1. Quick one: dipole size for the protein assembly as shown, taken about the Cα centre, charges +1 on Lys/Arg Cβ and -1 on Asp/Glu Cβ, in debye to the nearest 20.
2. Would you mind telling me the share, in percent, of accessible area of region A:33-157 contributed by carbon and sulfur at probe 1.4 angstrom?
3. Give me the accessible area per residue for region B:184-309, probe 1.4 Å, as a whole number in Å².
4. Report the Cα centroid-to-centroid distance between region B:136-154 and region B:63-131 in angstrom, as an integer.
5. So if the hydrodynamic radius of region B:1-48 is defined as the Kirkwood radius over C-alpha pairs, what does Stokes-Einstein give as its diffusion coefficient at 20 °C and 1.002 mPa s, in µm² per second?
6. Using the beta-carbon distance between A:Lys264 and A:His231 and R0 = 30 Å, what value does 1/(1 + (r/R0)^6) give for FRET efficiency, to the nearest 0.05?
7. In bins 5 Å wide, starting from 0, what share of all Cα pairs of region A:79-172 does each bin hold, as a percent?
8. Taking only the Cα atoms of the protein assembly as shown, how large is their convex hull per residue, in Å³?
Amino acid sequence: MPIQPYGSVAVCRGSRRPLQWQSHWSLPLTAALRLVFMKKPSIAELEEIAHELRVLILKMVHHAKCGHTGGPLSCIDMLAALYFYKMRLDPKNPSWPDRDRFVLSAGHTAPALYACLIRAGFIPEKEMWGLRKLGSGLQGHPKRNIEWGIEMSTGSLGQGMSVANGMALAARLDKRPSRVYSLESDGGAQEGMMWEGAMAAGHYKLDNRVALMDYNGIQIDGFVKNIKDVHPLDKKFEAFNWHVIVVDGHNMKEIVEALDEAEKVKGKPTVLVARTIMGKGVTIFENKPKYHGVAPTDEEMEIAMRELKRG
Amino acid sequence: MAEIATREAYGKKLADLGDKYPNIVVLDADLSCSTKTGVFAAKFPDRFFNMGVAEQDMMGTAAGLAASGKIVFVSTFAIFATGRAWEPFRQSAAYPHLNVKVCATHAGLTVGEDGASHQTVEDIAVMRVIPGVKVFVPADGVETEKVLEEIVKTDGPCYVRLSRAKSPVLFDAASYQFRIGKGNILREGSDLCVFTAGYMTSIVLEAAKKLEEKKISTTVVNMASVKPIDEELIAAMPARHRFLASVEEHSVIGGLGSAVAEVLTARAPARLIRVGVDDQFGQSGDYLAVLKHYGLDAEGVANTILKNIS
Ligand SMILES: Cc1ncc(C[n+]2csc(CCOP(=O)(O)OP(=O)(O)O)c2C)c(N)n1
Ligand SMILES: [Mg+2]
């Protein structure tokens, strides 16, 4: 099943920043020009990309016959904004030192990351059918592979926050313009280590650091508020000296504006506390803990594809 | 042959023990459906605490409960129980020698598709090394129940390694007697003696048939009690066999093979062929395919042993 390449957005497009030229000096000239002058996708275009990514995720997970459906659909709008609007990346130069970095702290949502990296041209499209199979680069949880744009091995919840902070500290030390993003999750926010990292980012005033919190209210054993409540996440991050932006994690305009705002914040890390719906986009999966970690059956897949096949 | 995963047997047995022992408390870290502590939770909701995705908090809480007279069963995936929560277990449960029973599921490679982040081939090594901690690796559902019956009566910290995948029932529930510190001989041969445990026991029994076809008469010793280990039994084997081997769903560094080698060097020096995961991480895949890839299916085990003795 071929995936349509999306218009001119072959390279993940960076944002306009004063030091744009300098920040691209380490890229070959053509690649640098591409990054500087490429047209930013509109909100509507980003929504369309997110929609395509949802289809891609479902196809991958359904084919694998196991894995996570709910989480990827819950975070994909944010990941679409990162990979196709905000982050400065070049799939032709995946190890470009000045690139932005992304750490998928919620490693089980790997299909969302893989869908973005396939769509952005980092991972060959045919690899999608290898998800979770022996010998595949698309492991059940991400395994670091810079050529494919996978910056870090993740899957054990709670650790990504600190790893991303480490990358942000390194960028600061090396005077690189790289910004470091991570996807956190509300179940993951029960891990003490996530808060150790949150405290460190606040303490070290990591203003090149942005966390996106996928606050879908669900974890494996049920609803977060019943298992072990993490509320209020915004106030917690505020108390840890973060700049907090509360957004609707399925509203592309809000996500994009928050990501732009984060770039202007000085002396503080930024977190997007994003209210989301697990399984978003496919009614039968929405807000149901069961779909945290199961693949769609053939029947569910048909229903899902029917719903996603719109105008 | 009937099949059951050791985690299933654990869940059922734990709920039974809850009747007999009103001071059992069970903790889980957002995996109660997978570890099967959910069975106990449904029956005794007041004595079950879901600690969320917070394994360190869970272990510390277990220590506090145990310090207050409870027998605490702690469950999550083996990598998180013995990895993330290792130091709280060592400091707050093992050092004060408290009644914390870590019964962790999804050990080894048979986790399958979730891949290396959720598999563990290091857990026996890191738990075995903690002073005073007893370590058990039951081979089937029956042995799992027997191990539970023993540890609930035994004072102090324990680690029980359980599997996600179903495996054949090898023991007879009515007659099988499990004893802490004792191994048991499942079949007797005269050329080769294989020490094994857990999920690998049934695979080694199959491998033994293949070896028999190659005229290698094979003894299989099931070592569910990895610590304390049956020193007498191990020390007796070199005199009765030309070759010795260990087979485990664990790194060859620090696991059952190492434990057996420690006894051999001290009491009856002999060569030991250690079969297991050779200083590598696991990976995603159907669990049977993963086992085969790492040479831990019956054929792979038989071939590795044959290669090493010819
Ligand atoms: C340290 C650790 N403990 C346990 C797990 C098993 N696990 C995977 S996802 C998950 C809960 C997920 O909740 P959340 O992070 O909110 O993700 P969502 O269900 O919203 O996708 C758990 C407990 C893990 N991956 N890492
Ligand atoms: Mg969640």
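The values are calculated or read from the model by the stated rules, or taken from the named source; none is laboratory data. Everything numeric here is computed off the predicted structure, so don't read it as measured data. Methodologically, a virtual Cβ is constructed for each residue, glycine included, from the backbone with ideal geometry; neighbour enumeration extends over all protein chains shown. Ligands, DNA and RNA are excluded from the accessible area calculation, which covers all protein heavy atoms including side chains. Shrake-Rupley method; radii C 1.70, N 1.55, O 1.52, S 1.80 Å.
1. The dipole magnitude comes to about 1100 debye.
2. C and S atoms contribute 57 percent here.
3. Per residue, region B:184-309 has an accessible area of 40 Å².
4. Rounded to whole Å, the Cα centres lie 16 Å apart.
5. In µm²/s, the coefficient rounds to 196.
6. It comes out at approximately 0.60.
7. Cα pair-distance distribution for region A:79-172, in percent: 3, 14, 24, 27, 21, 9, 2, 0.
8. 164
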